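Taking it in order: structure first as structure tokens, then the write-up.
The values are calculated or read from the model by the stated rules, or taken from the named source; none is laboratory data. Only a predicted model underlies this, so the values are computations on that prediction, with no experimental measurement involved. All Cβ positions, glycine included, derive from the backbone under ideal geometry; neighbour counts span all protein chains shown. Note: areas computed on protein heavy atoms with side chains; ligands, DNA, RNA excluded. Shrake-Rupley method; radii C 1.70, N 1.55, O 1.52, S 1.80 Å.
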Amino acid sequence: MSTDSDISTPAAPKLAVNEVMKINSRHLRGAIASDLADASTGNISEESNQLSKFHGLYMQDDRDIRNILKKEGKEKAFAFMLRVRLPGGRATAKQWIVLDKLVDQIASPSLRLTTRQTFQFHGVLKGNVKKLIKGMHEVLLDSIAACGDVNRNVMAPPNPERDPVQQEVYQHAVAWSEYALPKTRAYHEIYLDEELVAGGEPEIEPMYGDTYLPRKFKTGFAIPPSNDVDVFSQDLGFIAIAENGKLAGYNVTVGGGLGMNHGNAETFPRLADVLGFIPADKVNQIAEAVLTTQRDYGDRTNRKHARLKYTIQDRGIEWFRGEVESRSGIIFAPARPFEFTTIEDPHGWHRNADGSWFYGLHILSGRIKDIEGWPMKTALREIAEIHDGDFRLTPSQNVTISGVSDSKKVEIEAILAKHGLTSENNRSSLRLNALSCVALPTCGLALAESERALPDILKKFESVLDTAGLHDDAISLRVTGCPNGCARPYLAEIGFVGKAPGKYALYLGAKYNGTRLNRLFSPSITIDDAVTLLTPIIKRFALERQEAEGFGDFCDRAILPEDATFHSVGTPRTAV
Ligand code: SRM
Ligand code: SF4
């Protein structure tokens, strides 16, 4: 195996090193099993690290103690992050109980809900990886393809029993997630001790091929008027079109993506284009055609240019539509009208169409742990023990307790009240809508704090908003520790993107419903300076805003200079 960052052959362009790893990996096996068994280090090789991502695992180290350990001449505090595959964010009460127990036994004492509606464990020592995966397997959960160059966790609106259209959309999301799973048995062999097939019958990856995709690939389903999944940020999106209470089909979107690098104009967030309308029974056919087009034309020489958004940006949307139509045999009809008005999760109690109830529970940054006066982990476990419905994780890192009968509603209310967790209505709309990525101490790419900085950021802005009489105005504020965009900050009305310790790039002016990216307002600023800078703007917004104008629209109209950097190249600022 080459250790250079690239390899070259006379005839072919230089492939990125990950491409070589994939092709030599015997369908994602590599040396993961022996690396995991090596008790002499907590780490695994870089190649195994890249390959184990396809199985939902990331090798990390505790950055809070990195320097101390270095000074002491010790190895870094290595541990895995494991991400569960959970299409549409649905977990049963029984699954919740098992995950909660596994966290106590194996991982750091908290579960983390992600911006793509799933669970993450942190701090998993390599000797515990198999135990964790076997424990999940017992309740039919896995982490296959939760990371890696494949179709990732498929997002879908989290309350399927609200009406039949929601249920159908959820089923389509699950069906595509299953269809797009890699066929390799590597995961079962390595972590679940299934008998080896490598070296026996040749394995075939009919959709992915031996080198999988050039890069990660993300799919989301949205049901207007809610754009809770931020459909325009997805590589592939399906916007449900309901007519007369029935699902008529989907408008298909392609080429969204948010990751970028500071100061590198060749990387940029991009909103998806709308390709056109398809009937509801054609989801997998179209999705496969989109995915294989990217498989065949995505850039395998430069991983910073390998997402679908760049393939479409470079080759044009008309070329892409033609390719998808010829591969699928389906001709797109003109997109049907739709309107997004919100991205917000419903909080508190709501009735479903089938008569049951659901409760939207706000969880700051999706972190489920017990802190003094706020025992979220205990409360949710107690609810899981009596709940006979499901839990639905939302794209905003919250939980919906779903499918609740009248009698269970009383019991759940009592548990929430006992633990002081019923104050949904007292929290500011800013807080209820805020997102932050994990960042320090586990994320190896973080340049600044995010999750740990959010409480202080919120407190400061809440004070400004309260003074301006805007406590209940839903303004979206999102923070990330680096420009990769894991909390989708470029779609926030106020976006903070980590640049260096204590310093953030500040973005303003996205549309609240997720259809316009924001623009750079300040390239590097501390939170305190940002509060000072934004205080008069927020006051002006309170006094001067036009009817129904959101904060992002106000900034776009009245604050941002015309030439402020657009966070989208070549695409219209408003996608719909
Ligand atoms: Fe992300 C990498 C966390 C959603 C764009 N993301 C990472 C890693 C794995 C860091 C790494 O590669 O070493 C982070 C692990 C942190 C930790 O300690 O847990 C990480 N991403 C997350 C999560 C957990 C953020 C959260 O707080 O919820 C989200 C998990 C989603 C999931 O369940 O699958 C998460 N990441 C996103 C999103 C939002 C989305 O998908 O809706 C994005 C932007 C959308 C997009 O993909 O364009 C996103 N993450 C990235 C990127 C930039 C990709 C790019 O095209 O440039 C990276 C870095 C990379 O891939 O090289 C990254
Ligand atoms: Fe890490 Fe950056 Fe993603 Fe935050 S945005 S989790 S810092 S990769």
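Computed values, structure above
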read-out	value
Number of the exception - Lys539 against (1) within 23 Å of Lys499 (Cβ to Cβ); (2) open to solvent by 70 Å² or more (accessible area, probe 1.4 Å)	(1)
Among residues of the stretch 158-176, those that are open to solvent by less than 10 Å² (accessible area, probe 1.4 Å), modelled with pLDDT of 95 or more and not aromatic (Phe, Trp, Tyr), counted	2
Among residues of the stretch 155-177, those that are in contact (Cβ under 8 Å) with a residue 12 or more places away in the chain, under 21 Å from Ala287 (Cα atoms) and either outside any loop (DSSP other than H, G, I, E, B) or out of contact with any helix residue (DSSP H, G or I) (no Cβ under 7 Å at 6 or more places or on another chain) (or both), counted	12
Filtered residues of the stretch 332-351 (kept if in a loop (DSSP other than H, G, I, E, B) and without any contact (Cβ under 8 Å) to a residue 40 or more places away in the chain)	Pro337
Residue among Cys555, Cys486 that is within 16 Å of ligand 2 (Cβ to nearest atom) and either among the hydrophobic types (A, V, I, L, M, F, W, C) or surrounded by fewer than 19 Cβ atoms within 10 Å (Cβ to Cβ) (or both)	Cys486
Considering residues of the stretch 431-463 that are among the acidic types (Asp, Glu) and surrounded by fewer than 22 Cβ atoms within 10 Å (Cβ to Cβ) only, the residue farthest from Ala505 (Cα to Cα)	Glu462
Residues located in the stretch 407-430, provided they are at pLDDT 95 or above, surrounded by fewer than 16 Cβ atoms within 10 Å (Cβ to Cβ) and in contact with a Phe, Trp or Tyr (Cβ under 9 Å, 6 or more places away or on another chain)	Glu413
Asp354 surrounded by 15 or more Cβ atoms within 10 Å (Cβ to Cβ), part of a loop (DSSP other than H, G, I, E, B) and in contact (Cβ under 8 Å) with a residue 24 or more places away in the chain	no
Residue within the stretch 11-21 that is closer than 30 Å to Gly389 by Cβ and in contact with an Asp or Glu (Cβ under 7 Å, 6 or more places away or on another chain) present	no
Residues that are at pLDDT 95 or above and surrounded by 13 or more Cβ atoms within 10 Å (Cβ to Cβ), drawn from the stretch 464-477	Val464, Leu465, Thr467, Ala468, Leu470, Ile475, Ser476, Leu477
One residue from Pro501, Pro523 being away from ligand 2 (no atom under 14 Å from the Cβ), at negative phi and open to solvent by 30 Å² or more (accessible area, probe 1.4 Å)	Pro523
Every residue from the stretch 406-439 that is more than 27 Å from the chain's Cα centre (by Cα), farther than 13 Å from Ile383 by Cα and part of a loop (DSSP other than H, G, I, E, B)	Gly420
Set Leu430, Leu465: member being in contact with a His (Cβ under 7 Å, 6 or more places away or on another chain), farther than 28 Å from Thr267 by Cα and in contact (Cβ under 8 Å) with a residue 24 or more places away in the chain	Leu465
Subset of the stretch 377-389 (residues that are open to solvent by less than 20 Å² (accessible area, probe 1.4 Å) and either modelled with pLDDT under 95 or farther than 27 Å from Ser476 by Cα (or both))	Ala379, Ile383, Ala384, His387, Gly389
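Table: residues versus (1) among the polar types (S, T, N, Q); (2) within 13 Å of ligand 1 (Cβ to nearest atom).
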residue: Arg85; (1), (2): no, yes
residue: Trp96; (1), (2): no, no
residue: Leu99; (1), (2): no, no
residue: Ile106; (1), (2): no, no
residue: Ser110; (1), (2): yes, yes
residue: Thr115; (1), (2): yes, yes
residue: Thr118; (1), (2): yes, yes
residue: Gly135; (1), (2): no, no
